[in-house]
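Data block below; observations after.
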Amino acid sequence: MIYADNAATTKMSDAAAETMLYVIRESYGNPSSLYAVGQRAKEIVEDARRDIASAIGAEPREIVFTSGGSEADNQAILSAAELGKRSGKTHVISSAFEHHAVLHTLKKLEKQGFEITLLDVHEDGIVRPEEVEAAIREDTCLVTIMYANNEIGTIQPIREIGAICRKHGVLFHTDAVQAVGHIPVNVVDDNIDLLSSSAHKFHGPKGVGFLYARKGVRLSNLIEGGAQERGKRAGTENVPGIAAMATALKEAEAKIIENSALISEKRDRLIRGLSEISHSALNGDKQKRLPGNVSFCFEGIEGESLLLLLDDRGICASSGSACTSGSLDPSHVLLAIGRVHDVAHGSLRLTIDETLSDDDVDYIVSSVKEVVGYLRGFSPIWRDLCAGKKQFIL
Ligand SMILES: *Cc1c(COP(=O)(O)O)cnc(C)c1O
């Protein structure tokens, strides 16, 4: 089997799995308990906090552990909105191709009377810093722009956007779930106030993540209860998950430069191979993209059938985001970069890691070529395109 869906989730690294098992077996105490086995669990959580903070250039007290990226996004945005409301600021700026954890939270704010501006991401899938600046108003309380897109992999000019927000005194949140552990991220250099991350996207366990909140940015809590996480996130800590997340992130950071170079090479080999398919196009900027992301549209086919036939050949891929699979609507991300419905339906996302060999790359390319040809063979849309009844777009 070739696993090429690392943007949906990653396999846990052996080291992370070992840490998790060790903590489950040996350090099962409650970090809030006073006896030794509890205090040992607390130490494990605090060590993990230090390691994670250091990986992104933060201080340990600026890290709050959550159940994952979605929770971190919700808490970051709702906290900034709460702070804004207190000073009469109820305008939020974001982009059209954010993850649903962001977009649905913004919808909720809209119902509460907030005004939301969603910026265009252009054909290359990149938000323009000058358009962020132009959208900032007197009553803007938050700008939230993702670090890298989960479907098309484009990396945003986060440092520039952060600098603009700082200049205007507006809080800046970034959903960095696809970036952390894959490309260098530093919250100080990048002028970030709030950042979301999730362990299962960098070879850690599922159901655990963290929110970075710069010192002085007051968080509101989504979950009421105990005083864990300095009162910002009640509930007994997921000690095994937190420890394993720190192991996975340390490991990823140690080889981030080496791995991203290696993975980018394979990515570009895939892109070259798939570009040979007629009436196809890469989605998003060719250079400013995550090392492991390859996203294509093929005219005249259905992405769903493509995925099933690739699965038959032992290739795990996706059409866009795992969250929208099963729905018949085309991806909001592909529509945001200007793909029309018909074209957006024929999408394929391959997200690879360093374990993919050159032979795997070649096998993927030949399989996709074969399957796309086969599907076009009995596609009514393809027939119309070839007969000139419809215009090719790609
Ligand atoms: C996966 C993902 C999330 C959600 O993270 P979970 O830990 O699964 O809740 C949020 N944002 C982006 C960009 C993602 O890729």
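The values are calculated or read from the model by the stated rules, or taken from the named source; none is laboratory data. Nothing here was measured: the structure is a model prediction, and the numbers come from that model. Counting neighbours? That spans all protein chains shown, and the Cβs are built from the backbone with ideal geometry, glycine included.
Mind checking whether some residue in region 120-143 is outside any loop (DSSP other than H, G, I, E, B), hydrophobic (A, V, I, L, M, F, W, C), within 18 Å of residue 102 (Cβ to Cβ) and within 16 Å of the ligand (Cβ to nearest atom)? No. In the set (1) within 22 Å of residue 252 (Cα to Cα); (2) among the aliphatic types (A, V, I, L, M); (3) in contact with an Asp or Glu (Cβ under 9 Å, 6 or more places away or on another chain); (4) within 16 Å of the ligand (Cβ to nearest atom), residue 179 fails one condition alone, (3). Look through region 206-216, keep the residues that are part of a loop (DSSP other than H, G, I, E, B) and more than 10 Å from the ligand (Cβ to nearest atom), and return whichever of them is surrounded by the fewest Cβ atoms within 10 Å (Cβ to Cβ). Here the answer is 216.
Only a single criterion out of (1) in a helix (DSSP H, G or I); (2) in contact with a strand residue (DSSP E or B) (Cβ under 9 Å, 6 or more places away or on another chain) is not satisfied by residue 370, namely (2). Cβ-Cβ contacts under 6 Å between residues 6 or more apart (or on different chains), taken from a first residue in region 162-175 that is of a type in the set (A, V, I, L, M, F, W, C) to a second residue that is assigned to a helix (DSSP H, G or I), are listed as 164/129; 164/132; 164/133; 171/80; 172/162; 172/165.
Within region 84-116, the set of residues being buried (at least 17 other Cβ atoms within 10 Å of the Cβ) and either over 21 Å from the mean Cα position of the chain (by Cα) or on the phi > 0 side of the Ramachandran plot (or both) comprises 84, 89, 90, 91, 109, 114. Taking the listed residues 104, 173, the one that is assigned by TED's automatic domain parsing to the domain that holds residue 215, assigned to a strand (DSSP E or B) and within 16 Å of the ligand (Cβ to nearest atom) is 173, with no other qualifying. The residue pairs whose first member lies in region 99-124 and is closer than 20 Å to residue 339 by Cα and in contact (Cβ under 8 Å) with a residue 60 or more places away in the chain, whose second member is β-branched (Val, Ile, Thr) and part of a helix (DSSP H, G or I), and whose beta carbons are closer than 9 Å, counting only pairs six or more residues apart or on different chains, are 100/324; 121/333.
Just to be sure before I move on: is residue 11 more than 26 Å from residue 168 (Cβ to Cβ) and within 16 Å of the ligand (Cβ to nearest atom) in the structure I sent?
Numbers: more than 26 Å from residue 168 (Cβ to Cβ): yes; within 16 Å of the ligand (Cβ to nearest atom): yes.
Answer is yes for this residue.
Restricting the first member to region 62-76 and to residues that are more than 9 Å from residue 209 (Cα to Cα), and the second to residues that are polar (S, T, N, Q) and near the ligand (Cβ under 9 Å from one of its atoms), the beta-carbon pairs closer than 7 Å and six or more apart or on different chains are 73/196; 75/66; 76/196.
Given the structure, is residue 23 within 16 Å of the ligand (Cβ to nearest atom) and touching a helix residue (DSSP H, G or I) at 6+ places or on another chain (Cβ under 6 Å)?
no
Meeting the requirement of 2 or more residues that are under 28 Å from residue 12 (Cβ atoms), the helices (runs of 4 or more DSSP H) wholly within region 269-359 are 303-312.
For residue 223, indicate whether it is without any contact (Cβ under 8 Å) to a residue 24 or more places away in the chain, among the β-branched types (Val, Ile, Thr) and either surrounded by 15 or more Cβ atoms within 10 Å (Cβ to Cβ) or within 12 Å of the ligand (Cβ to nearest atom) (or both). Yes, satisfied. Within region 236-282, being in contact (Cβ under 8 Å) with a residue 24 or more places away in the chain, under 22 Å from residue 363 (Cβ atoms) and under 20 Å from the mean Cα position of the chain (by Cα) holds for 259, 263, 264, 267. Has region 83-94 got at least one residue that is part of a helix (DSSP H, G or I), of a type in the set (A, V, I, L, M, F, W, C), at pLDDT 95 or above and away from the ligand (no atom under 14 Å from the Cβ)? Among the residues of region 83-94, at least one is part of a helix (DSSP H, G or I), of a type in the set (A, V, I, L, M, F, W, C), at pLDDT 95 or above and away from the ligand (no atom under 14 Å from the Cβ), which makes the answer yes.
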